[in-house]
Amino acid sequence: MGKIQQLQRIAKAGLPTPAFVALSYADFKNNGVLHKDWKLTFPVVVRSSYTHEDGDNHSYAGQYTTVLKVTPARLSKSIETVFKSYPDPTGTVVIIQEMIDPEVSGVLFAFKHSVWKGEWGQGLGEQIVGGKVIPNNFLLPRFSSLDVFWARFYSGFWKGGPGMYKRHRRAFMKLAVYTRKLHQIFSAEGLDIEFAIAGNEAYILQSRPVTTSWEAEEVLTAANHKEILPPHPSALMRGIITASGKRLFQYYQVVDPSLPDRSFIHQSTGMPWINLSALLDVMVAWGLSTSLVSRSVGAVDVYQVGMRPWIFVGKMPVFFRLIRRQLGVAKRVRDWVNHQRGHQHWLSEQRKVYWDSDSGLAAQLWVEHFTDIYVQLVEHMQDLTAAMSAPVALLDRLGLLSKVSVALQQKSSSTDYLLAFSQLEQGQLPRENFLRRYGHRGFYESDVGQKRFCEFDEKDWDDIFIGKTQHHIAQPKKRVPKKKKRGPFKPIVDLIHTREWLRHMTMYFFWTYRKEMLAIFAHREFNTTDFSQLSPQALVDLLRTGEEHWAETEVESILSGWDLNTFLANRMDRRVVWPSWYGSVARHGIGIYPGQVEGTVWRVKHAGANLEPPAVDGPIILVADALDPGWVPYFSRVNGVVAYVGGLLSHASIMLREVGIPSVTQISEELVLETGDYLRIDGRNGKVEKVEM
């Protein structure tokens, strides 16, 4: 499809585009220029429209001439110039189109199933293309016509991109609406849209297919994964998480079938990142504030779209379905766990039948069953988090979250775990008793490839307790049975405690899968001793054939680890660090538990054994990239905790509230902290600052 056919479709659909006419080469040679009959306002632009210039499979953008600001006197010469730029003008046309005097011009790359990203600059778009101005980058949420209508009265629900003028916000919202229509007109997976903004209107100058599908981008975040998975997760866990991406996004599609197909997980540099832009697009589609997602998972709010009641009301059927899912969620989770106790034993017995007769089938069932329980765990976590997130966000805004922290002193299974470890560390609890209750727990226990406490030898235990100091601040008291009182925060506290119990129990199920595979490998003579370093398919193939060449592990050198918190990535692994091109937002972190502490920084990159706090007399503040319940051995040695990544409802945040350690999360990456620095933190308002000694 040529450019002229595209413009004709755009005009027929009623989308705003400057008036245009097409002049064939034959008419130009025979009749010259009859511009008086065109009813165009000068100046005009003479544009190329060579055959298949902007086709579905190939694009020749920029290879043919375009002449701007053409007056009647220069029209004939300009048309001739454009025709001469064609390899063969026979049977071709040029486009003569009115020029508008835009305040803003730019280009938008809009893929159906990924983020909409664009560039804009002042004046004509040719200045951006020609490199004469440095463009501003922006992400365009999928706004609707209702948003455009209400933006006439109030446009503050969207902050826009960096440097974007307030008066242009509504025009950019119109661009989003027009982009939706363009996707209906053209069947391409992605569109390259040239636009211009004049006054309060966005004009579509061109819309051609994007022939480089790998340029589709998503905003990715380490978020919860950085908290619960090790710096370099096992190949088996990476494969299982990545393969679960579409199933996990179906959680949203079940309650709202109008949502397009997306994946909850996006793989980049060999790591399974959470697809933040897919979740933010859901919030935009439902009229909810995008900060609900970003603050709960501990990521940058790259959309900055507020709540829009006119969309929210129209989505009431979706919210009724969500509410039905959340009603009685605590009981449903307890019933699920109790069911799994017997069901997982039955599945294990089923696999046991095949391990001797058909190891490949048994391994395939092992992968499928483990994937199922992983997906169900995440779905239950989503239900519980959804039920908690709005009330917790409201309490956070009202400054009442600290009262919930006090209510959490009732303790949960996570705090029992911390208490038991503290007693073990002090020699008050025999190791056998600890392992009987918590042997299935460990560092980064969400990865089936990580050792559990019951697998530790004496050296491992010595390494854990190395550097034990007198700073045993976080020692929760034993629970004293009290008459239960139903305070105003009890429903939220019950949900939080249920979620922590769910994690505790599911980690036991994870351990049973690990124990089963360890036993299988212990009886097979493979050079590959660590089954978790195989991808799911490689594991199945190895156990099916027994041939060692199937056991080739993935090349670990391609893994980046959780090196970035929030970034853009395309399908070819090009990454753009966020917010380097979008503009950093100076802000405090999120206060997790109130209290002011000054002390020496103990900077730890990731949890593990053989890590010793600094030898100082005063208070110690643990500073980590992200926190996981596996950090329990550290909490009893510090007076305060700070994390770069984390959310209000992360497992570690809940544990810190329960144990009462002043703590802050989501601090700015621009604040670089190292062991030995002196720090002041305020867990009530999230303020963190270095102190000069």
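Observations on the structure shown:
- Sole residue being modelled with pLDDT under 90 and assigned to a strand (DSSP E or B), chosen from Lys132, Lys69: Lys69
- Those helices (runs of 4 or more DSSP H) of the stretch 395-454 in which at least 3 residues are at pLDDT 80 or above, considering only elements entirely within it, cover 413-425, 431-438.
Here's the yes/no breakdown for (1) modelled with pLDDT under 95; (2) surrounded by fewer than 19 Cβ atoms within 10 Å (Cβ to Cβ); (3) under 20 Å from Met388 (Cα atoms); (4) of a type outside the set (A, V, I, L, M, F, W, C):
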residue: Asp281; (1), (2), (3), (4): no, no, no, yes
residue: Ala285; (1), (2), (3), (4): no, no, no, no
residue: Thr290; (1), (2), (3), (4): yes, no, yes, yes
residue: Val293; (1), (2), (3), (4): yes, no, yes, no
residue: Gly298; (1), (2), (3), (4): yes, no, yes, yes
residue: Asp301; (1), (2), (3), (4): yes, no, yes, yes
residue: Arg321; (1), (2), (3), (4): yes, yes, yes, yes
residue: Arg325; (1), (2), (3), (4): yes, yes, yes, yes
residue: Gly328; (1), (2), (3), (4): yes, yes, yes, yes
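- In the stretch 617-666, the qualifying residues are those that are among the charged types (D, E, K, R) and touching a residue at least 24 places away in the same chain (Cβ under 8 Å), and the one that is farthest from Val297 (Cα to Cα) is Arg637.
- Meets criteria (assigned to a helix (DSSP H, G or I), of a type in the set (Gly, Ala, Ser) and modelled with pLDDT of 90 or more) for Ala362: yes
- Top-ranked residue of the stretch 24-62 - restricted to ones that are of a type in the set (D, E, K, R) and in a helix (DSSP H, G or I), ranked as modelled with the highest pLDDT: Asp27
Residues checked against (1) touching a residue at least 40 places away in the same chain (Cβ under 8 Å); (2) in the same structural domain as Ile311 (by TED's automatic domain parsing); (3) in a loop (DSSP other than H, G, I, E, B):
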{"site": "Asp88", "(1), (2), (3)": "no, no, yes"}
{"site": "Lys117", "(1), (2), (3)": "yes, no, no"}
{"site": "Gly156", "(1), (2), (3)": "yes, no, yes"}
{"site": "Pro162", "(1), (2), (3)": "yes, no, yes"}
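- The set of residues from the stretch 677-693 being at pLDDT 90 or above and assigned to a loop (DSSP other than H, G, I, E, B) comprises just one member, Asp677.
- Failed item, numbered, when Ser557 is tested on (1) at pLDDT below 80; (2) closer than 28 Å to Leu280 by Cβ; (3) among the hydroxyl-bearing types (Ser, Thr, Tyr): (2)
- On inspection, Asp682 qualifies as more than 23 Å from the chain's Cα centre (by Cα) and surrounded by fewer than 24 Cβ atoms within 10 Å (Cβ to Cβ).
- Filtered residue count, the stretch 93-112, keeping only those that are touching a Gly at 6+ places or on another chain (Cβ under 9 Å) and either within 17 Å of Gln206 (Cβ to Cβ) or at pLDDT 90 or above (or both): 11
- Test set (1) more than 29 Å from Ala624 (Cβ to Cβ); (2) modelled with pLDDT of 80 or more - Ala551 fails condition number: (2)
- Test: residue in the stretch 31-44 that is out of contact with any strand residue (DSSP E or B) (no Cβ under 8 Å at 6 or more places or on another chain) and aliphatic (A, V, I, L, M): yes
The values are calculated or read from the model by the stated rules, or taken from the named source; none is laboratory data. These figures come from a predicted structure and were not determined experimentally. Counting neighbours? That spans all protein chains shown, and the Cβs are built from the backbone with ideal geometry, glycine included.
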